[in-house]
Amino acid sequence: AAPTYPLARRFATLPTSVPTSSIVRFEDTSGMSHFGVLKVDDDDEVIHPVTAQLLARDADSRQWRKTGESVAVRRVLPPLEPPAIYCVGLNYHAHAAETGMELPRFPVVFMKPPSAVCGAGDYIIIPDVAMDPEELDFEAELAVIIGRDCKDVSEVEAMSYVLGYTIANDVSARRWQGKKGGGQWTRAKAFDTFCPLGPVIVPAGKFNPGSARIQTLVNGELMQDGNTSDMVFSVAQIIEFLSQSTTLQAGTVILTGTPAGVGYTRKPPVYLKPGDDVEVRIEGIGRLRNRVTTRQVKEIRDASDEFVLRL
């Protein structure tokens, strides 16, 4: 059974522990947003009350520096507000096989709007137009964050433009991905809350995107269990392809594809329902957890909401 939560409390998520190199974007008690590093103990457990050491970064640099100032954390925000979100489909050998599609010769590209972004602990809202019949699906993805503007970069130099990595869930409405969306994928993946990101950024030098376990659990049941080593196109190859005669602005997010195990390929299919708890895990980054709801239920919750620290 799906876990239950008090109606008047916002869905709270962990991690209670984070790697010391992980960066969070957060809101302080005055409502100001910052980047920082959560204070942890010797076992990487978050110390309560939660505080963060503030970070700063020059616009043309991938390097973060501590400012020496610490502030109280009110809530963790999505890791950034991207100017663009590029996505790559059919980029895992096993996922292409389970769909019955041929491996692509070039990256299969679609986009999500920035308005689709939500953070760890936020609700994934089932659109009214995608509720009956059930069609909402999950896709665990490694997300790449571009650190500075790039255009026409080669595969060799591509990784020097990467600021860091985070976790994404490419939530998809499968009927809209077919005939209802005109046969193209963007509409099916562009609804509000269809791009959960977070909860942390791991700097580029602290993570190997070519070899990391990636999983999805729904209500605690393992659905996807793959490794980024199964990618058809590497992160560097994707950046080279996307930047051809195209400027990838600083802050651009690239979703790099999903492993096998998505809901619609299962027999019988598994689609997300109100109350479901969805967790995406990537080794070396952490866990991105969200709960599924409907617009009507969320409005009831919001009307009686009590603040709960989201970490």
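Some notes on this structure:
- Gyration tensor verdict on region 172-277 (Cα atoms; rounded if a/c is under 1.5, prolate if a/b is larger than b/c, oblate otherwise): oblate
- Whole-number accessible area per residue in Å² for region 98-212, which is evaluated in the context of all protein chains at 1.4 Å: 39 Å²
- Each peptide in 225-232, 168-175, 264-271, 239-246 was scored by the mean count of other Cβ atoms within 10 Å over its residues; highest first, the order is 168-175, 225-232, 239-246, 264-271.
- Full-stretch length increase - residue 283, residue 39 - with 0.36 nm per residue and alpha-carbon distance subtracted: 85.8 nm
- For 223, 111, the ranking by accessible surface with the largest value first comes to 111, 223, using a 1.4 Å probe.
- Here the accessible area is traced with a 1.4 Å probe on the protein chains. For the chain, carbon and sulfur cover 50 percent of it.
- With distances taken between every two different alpha-carbon atoms, the chain has a Kirkwood hydrodynamic radius of 19.7 Å.
- Extension reserve of the residue 151-residue 57 stretch, reckoned as 0.36 nm per residue once the Cα distance is removed: 31.7 nm
The values are calculated or read from the model by the stated rules, or taken from the named source; none is laboratory data. Remember, it's a predicted structure, so these values are computed and weren't measured experimentally. Don't worry about glycine lacking a Cβ; one is built from the backbone with ideal geometry, like all the others, and counts go over all protein chains shown. Remember, those area values only see protein heavy atoms, side chains included, never the ligands or the DNA or RNA. Shrake-Rupley method; radii C 1.70, N 1.55, O 1.52, S 1.80 Å.
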